[in-house]
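Data block below; observations after.
Every number in this text was worked out from the coordinates using simple rules, so none of it is lab data. In this text the structure is predicted, and so the values were computed from the model without any measurement. Here the Cβ is made from the backbone with ideal geometry for all residues, glycine too, and neighbour counts use every protein chain on show.
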Amino acid sequence: MTLIILLACALAAGSWRVYSNTWDEPEHLAAGIELLDRGQYEYDTEHPPLGRVLLALGPYLAGARSFGTPPPNGTQEGVDILYSGGHYWRYLTLARLGTLPFLALLLLATWLWARRLFASQGAALLSVLLLASVPAVLGHAALASLDVAAAATCLLALYALQLWLVSARLRDAARFGLAAGLAVGTKFSAVPFIGLALPALALVRAAVGWRDPLGVPPGVPPGAGALRAESPGASARPRLLGLALALLAALLPIAVAYGPRSPNAAAVALRFNWALSYLLQERGLDHQLGVLLSHLWLPRALRDLVNGIVAVKAHNDSGHLSYLLGHVRLMGWWYFYLVALAVKTPIALLAAGPVGMAWLARDGWRSRNCWALAPAVLVILMLTFASAFSRINIGIRHLLVLYPFFALGAAYVSVRAWRALAAWRNRRLAVAPVAVLLALLLWQLSTLWTAYPDYLPYFNEAVPHPQRVLVDSDLDWGQDLRRLEVRAAQLRIAKLSLAYRGTADLSREPLPPFVSLAARRPASGWVAISALARTRAPADYAWLDAYQPVERVGKSIDLYYIP
């Protein structure tokens with residue numbers, strides 16, 4: 001297990017000096033540094049502080065300090081911090097280092113789930129290894145962003161929730177509360193995911209009933225008989241008490257996230273009043289919630305929490321400009337995440353994962369085991385919610401939490417298939433199926449070296465032209481600017497026309513003399529254009545369709561020479 005974690009961290013770190021800062025990294029860094037340096041948290045309050053503090057801790061200890069740029073947008077503040085003192089790569093690398101503990105936590109939480117499903121240590125380790133071979137996970141684990149942190153803390157909270165629902169013990173309720181508070185303090189997507197998972201998993205438990213309150217015990221083979229039935233649960237009273245304890249325990253990480261900082265009563269009141277106004281102008285439950293909150297006294301930490309959650313809701317209500325299959329839309333598509341999973345997931349895992357989860361669910365229903373039902377229930381629940389309600393369609397990164405369950409399903413298929421083949425009496429007939437199984441496993445694991453170090457823009461073999469399918473944070477997040485600088489120096493480019501979308505400060509980058517490539521104005525000479533710039537307004541640069549690029553720099557920037 002330790003070796004897999006170390007391997008995954010090393011592979012993720014391989015892109016640190018390859019990629020320039022991506023779109024969101026400066027603002028995350030700015031918010032964390034502001035909290036550590038000034039005791040304030042004013043930048044982009046759509047995201048909570050816990051993960052950002054860990055990202056900013058390394059740069060802060062290395063000397064990075066806040067410049068005090070007026071909030072709420074902290075991008076320029078983060079850019080200034082990165083470039084300050086000539087320490088760009090030092091600060092960016094240390095910030096990215098802060099994501100690796102969350103990658104380790106994600107793999108560890110997957111192992112905990114696997115140990116509840118498989119008696120074999122090898123099967124549990126296979127689940128972790130399959131997850132570590134998902135390029136999207138490694139790609140985002142290499143960045144100073146919150147997506148892997150959100151997946152890790154949410155997965156741990158879902159595990160703790162399931163454990164409490166099975167055992168009904170108060171100590172498990174307290175652990176669930178702490179894990180849920182940690183997840184909410186890391187990213188607000190945990191609120192709907194955990195909030196919906198609680199009644200769904202409780203209904204599953206009520207529907208199947210159990211004999212063994214702790215799930216599948218070690219030593220029981222993962223085949224027939226592995227998914228044992230469990231005893232009936234405790235009465236409703238201890239569970240209600242456990243729920244109350246979980247809610248109280250959840251407040252502790254939230255208080256740690258928002259509490260210990262310099263008070264800024266005016267700013268807190270302003271943000272909270274804005275949140276109330278937004279809710280009150282809505283209808284139905286949103287309006288009723290606004291009325292309730294307006295009559296409650298809340299401590300400062302909870303007021304900031306309410307503001308952050310409402311800010312995410314307002315962002316979702318107004319939409320976010322996104323790209324899918326050649327089209328740009330503000331309010332997204334219901335099938336965005338289905339397409340993203342189809343093209344960003346290695347084909348072997350894409351084929352085996354859902355089959356394995358369905359197989360687990362069938363066996364779990366027959367043996368009345370909630371642990372086996374949980375992966376399929378949670379994946380369907382979270383994918384349905386994201387498809388039905390999310391209008392912020394800017395990458396598979398928002399659903400990285402699904403991949404551990406895909407890995408569990410794929411591991412289950414592999415283990416069951418291997419055991420079935422091992423039981424064949426005619427060994428010669430089993431040779432071909434065994435070879436196919438091993439080939440599929442090798443195909444999945446081969447992404448570790450075939451995609452290295454470009455895990456972030458990885459697309460599977462079914463997508464020959466990724467830029468026609470997805471772009472923002474899936475293909476181009478501004479990461480290839482450094483590669484362009486290196487290539488321009490190698491080609492001795494004297495002047496460059498550049499269309500780049502990202503948050504790097506081009507005036508402080510070692511680019512050749514350049515001009516911004518104007519929209520709808522053909523240029524000559526060397527021209528570089530990033531995929532994100534080209535797809536945000538396709539008509540602006542349609543004249544480039546008449547030319548063939550000299551080469552693609554990295555995975556996202558086309559370089560032309562136009563006579």
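What FRET efficiency do you get for ALA342 and ARG492 if R0 is 35 Å and r is their Cβ-Cβ distance, rounded to the nearest 0.05?
Values: r = 42 Å, r/R0 = 1.20.
With R0 = 35 Å, the Cβ-Cβ based efficiency is 0.25.
About the centre of its Cα atoms, the chain shows a dipole size close to 1560 debye [charges on the beta carbon of Lys, Arg (+1) and Asp, Glu (-1) only; nearest 20 debye].
The relative contact order of segment 481-562, computed from alpha carbon pairs under 8 Å that lie at least 6 residues apart in sequence, is 31 percent. Only Cα pairs under 8 Å and 6+ residues apart enter the sum, and on that basis the relative contact order of segment 18-100 stands at 37 percent.
Phi angles of segment 162-168 translate, via the Karplus equation with coefficients 6.51, -1.76, 1.60 and θ = phi - 60°, into HN-Hα couplings of 4, 5, 5, 4, 6, 8, 6 Hz per residue; Gly and Pro are given as x. Per-residue 3J(HN,Hα) values for segment 153-160, derived from phi via the Karplus relation 6.51 cos²θ - 1.76 cosθ + 1.60 with θ = phi - 60°, read 5, 5, 4, 5, 5, 5, 5, 5 Hz in sequence order (x marks Gly and Pro). Is the shape of segment 6-150 rounded, prolate or oblate, going by the alpha carbon gyration tensor and its root eigenvalues a ≥ b ≥ c, with a/c under 1.5 for rounded and a/b larger than b/c for prolate? Cα axes put segment 6-150 in the prolate bin. Along the axis of the charge dipole computed for segment 431-563 (Cβ charges of +1 for Lys and Arg, -1 for Asp and Glu, origin at the Cα centre), the listed residues SER446, PRO512, VAL431 are led at the positive end by PRO512. For ALA206 and ALA388, the difference between the fully extended length at 0.36 nm per residue and the C-alpha to C-alpha distance is 62.9 nm.
Hey, what did the chain get for relative contact order, percent, Cα under 8 Å, at least 6 apart? List each step's numbers first, then the result.
Values: 1011 pairs, mean separation 93.3, N = 563.
Relative CO of the chain lands at 17 percent.
Arrange ASP304, ASP545, ASP80, ASP558 by Cβ neighbour counts within 10 Å, fewest through most, would you?
On the way: ASP304 25, ASP545 9, ASP80 16, ASP558 21.
Ranking ASP304, ASP545, ASP80, ASP558 by Cβ neighbours within 10 Å, fewest first, gives ASP545, ASP80, ASP558, ASP304.
Backbone phi angles across segment 349-366, fed through the Karplus curve with coefficients 6.51, -1.76 and 1.60 (θ = phi - 60°), yield HN-Hα couplings of 5, 4, 7, 7, x, x, 4, x, 5, 5, 5, 4, 5, 4, 5, x, 5, 5 Hz in residue order; Gly and Pro are listed as x. Once the Cβ-Cβ distance of LEU112 and ALA266 is raised to the sixth power relative to R0 = 56 Å, the FRET efficiency obtained is 0.80.
The separation of segment 254-283 from segment 415-451, counted between C-alpha centres, amounts to 55 Å.
Exposure proxy ranking for LEU54, LEU429, based on other Cβ atoms within 10 angstrom of each Cβ and starting from the fewest, stands as LEU429, LEU54. Only lysines eight or more places from LYS313 in sequence, or on another chain, were considered; those with a Cα closer than 22 Å are LYS187.
So, counting K/R as plus one and D/E as minus one, what does the shell of residues with Cβ under 15 Å around ASP24 add up to?
After counting each charged neighbour, the total is -4.
Note on segment 525-548 and segment 30-87: Cα centroid distance 34 Å, given to the nearest whole angstrom.
Per 0.36 nm of contour for each residue apart, how much would the distance between TRP449 and TRP334 grow if the chain were fully extended, relative to their Cα-Cα spacing? Spell out each step's value before the answer.
Values: separation 115, 0.36 × 115 = 41.40 nm, distance 3.33 nm.
My answer for the length gained is 38.1 nm.
Sort segment 288-392 into rounded, prolate or oblate with this rule: let a ≥ b ≥ c be the square roots of the eigenvalues of the Cα gyration tensor; rounded if a/c is under 1.5, and if a/c is not under 1.5, prolate when a/b is larger than b/c, oblate otherwise. Verdict is oblate for segment 288-392.
Beyond 20 Å, the tail of the calculated P(r) for segment 481-562 holds 23 percent of the Cα pairs. Give me the net charge of SER120's neighbourhood, meaning all other residues with Cβ under 13 Å from the Cβ of SER120; Lys, Arg count +1, Asp, Glu -1. Residues near SER120 contribute +4 overall. Return the FRET efficiency for the residue pair GLN76, LEU442: r is the Cβ-Cβ distance, R0 is 45 Å, and the value is rounded to the nearest 0.05. About 0.45, to the nearest 0.05. Here the extension length gained between ARG362 and ARG468 equals 34.4 nm, from 0.36 nm per residue of separation less the Cα-Cα distance. The P(r) of segment 18-100 has a tail past 18 Å containing 28 percent of all C-alpha pairs. If you average the alpha carbon positions of segment 480-494 and of segment 137-213, how far apart do those two centres end up, in angstrom? Comparing the Cα centres of segment 480-494 and segment 137-213, I get a distance of 45 Å. A cut-off of 5 Å between modelled amide H atoms, ignoring neighbours fewer than 5 places along the same chain, links GLY525 with ILE562.
Could you tell me whether the chain comes out rounded, prolate or oblate from its Cα gyration tensor? Rule is a ≥ b ≥ c as square roots of the eigenvalues, rounded for a/c under 1.5, then prolate if a/b exceeds b/c, otherwise oblate. In terms of gyration-tensor shape, oblate.
Ranked for footprinting exposure by Cβ neighbours inside 10 Å, fewest first, TRP16, TRP424 give TRP424, TRP16.
Here the simple spin-label model places points 7 Å from the Cα toward Cβ, and for LEU248 and VAL515 these points are separated by 6.9 nm.
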